[in-house]
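Working notes, structure below.
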């Protein structure tokens, strides 16, 4: 029991000296180089991470920008498309309206033409009838026919007329 | 693992112990019980011993009656006739009393030298590799030691010690951690002795901790704050109570460090030695498997304890340093 619980002043003294020497040698000759390499590497890693972060940020910005551009382009395209569609619709409507108008005009014109032709025909007929009557009268007067033959002739002439 | 070797080691030790008691002293004291035998084996010796190897090569340095006495070894000391060995202790040949001070290089000092040489070689190798590798990733032993350095820095020193002091004190904590760890591990080698299992060594380490704690506190916060700290933050009229308590705590901290490391290292080895001793008590082959298995388990546990105690000693020292500095900066904040 006595040995192990003994506090040996000599051992304390030598242990202090040993530890001091160890601390001195290590901190003088071994630690600085290790510390330097550790620090430079840590700095390098930190720089690399910072750089990567900066690059990432830049890339993010670029991405956002291009996304925005893309969105704008899309919007523009859809605007153009819709305006073109509107225009086309308008054109079609206009064309339709015009065609309708034209048709009405044509029909109107045709009606008028028909009317005019009819009037022409009627007036022609009237002239013809008058002529016929005149020629018939002339014939009657030329041949001096009897009352019966007059009548017969007149009847024949009238029958020649188209029924109207 | 080394359980069987430990057995051999113990056997050898017992034999050599018997031989040495016969060889050096006429008054052979055979009254020693197995317990004292074990505890004496764990303690310090004047001769170098590693396993079965016992060598009387360590110089004896004595300070007695106003002058120093140097001897190349224990036997040359005895040859000079001034001092003799008695019950493993150096005593005067004339009146059989201990000399005033025994500053001999003992076995544990030699084991510290082994640890120092090992550490210096390792760290110089690593430092050379560090110089060469530069910014590149470390490899092999460099990588291993760097991870230890980073562990001590990031998990022990920096969380506890604020500011610039943590940078300045890192070499101390690193050396402390590695020194304790290597001493613990050397003690686990078959036949090795655990220097951290003697109060002298742990007391010396705790003394450095005491010095570092108070030196750092004074340097970082000033001597006024250091005295103010003796109040422990209590109002001034509690001073008669607080100042003795704080002064006591100043000394209790390193004392607890001393005892904690010492007791932890001794306890495991005592258990190991006791288990091995059971073999000699029973003198039977049938108990051997159980004892060897259990001893192997304890040995592995000791491996854990070796790392754990090195960590705890360093961690607590860092905490004490941080407390000694930290309370000042806390007061400072209040003052502003």
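Here are some notes:
Residues are listed down the side, and each one gets a yes or a no for (1) at pLDDT below 85; (2) under 16 Å from the mean Cα position of the chain (by Cα):
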{"position": "B:143", "(1), (2)": "no, no"}
{"position": "B:159", "(1), (2)": "no, no"}
{"position": "B:174", "(1), (2)": "no, yes"}
{"position": "B:191", "(1), (2)": "yes, no"}
{"position": "B:198", "(1), (2)": "no, yes"}
{"position": "B:203", "(1), (2)": "no, yes"}
{"position": "B:208", "(1), (2)": "no, yes"}
{"position": "B:217", "(1), (2)": "no, no"}
{"position": "B:226", "(1), (2)": "yes, no"}
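- The residues of the range B:42-62 that are at pLDDT below 80 and closer than 16 Å to residue B:76 by Cβ, listed by number, are B:46, B:47.
- Of residues in the range B:123-173 being in contact with a helix residue (DSSP H, G or I) (Cβ under 7 Å, 6 or more places away or on another chain) and not in a helix (DSSP H, G or I), the one farthest from the other protein chains (Cβ to nearest Cβ): B:162
- If the condition is being part of a helix (DSSP H, G or I) and more than 32 Å from the chain's Cα centre (by Cα), then the range B:228-241 contributes B:228, B:236, B:237, B:238, B:239, B:240, B:241.
- Scanning the range B:192-213 turns up no residue that is within 13 Å of chain A (Cβ to nearest Cβ), part of a loop (DSSP other than H, G, I, E, B) and surrounded by fewer than 24 Cβ atoms within 10 Å (Cβ to Cβ).
- For residue A:18, the conditions (1) closer than 24 Å to residue B:152 by Cβ; (2) facing chain B (nearest Cβ under 7 Å); (3) surrounded by fewer than 19 Cβ atoms within 10 Å (Cβ to Cβ) are fulfilled apart from (3).
- Subset of the range B:75-106 [part of a helix (DSSP H, G or I) and surrounded by fewer than 21 Cβ atoms within 10 Å (Cβ to Cβ)]: B:75, B:76, B:78, B:79, B:80
The values are calculated or read from the model by the stated rules, or taken from the named source; none is laboratory data. Nothing here was measured: the structure is a model prediction, and the numbers come from that model. Here the Cβ is made from the backbone with ideal geometry for all residues, glycine too, and neighbour counts use every protein chain on show.
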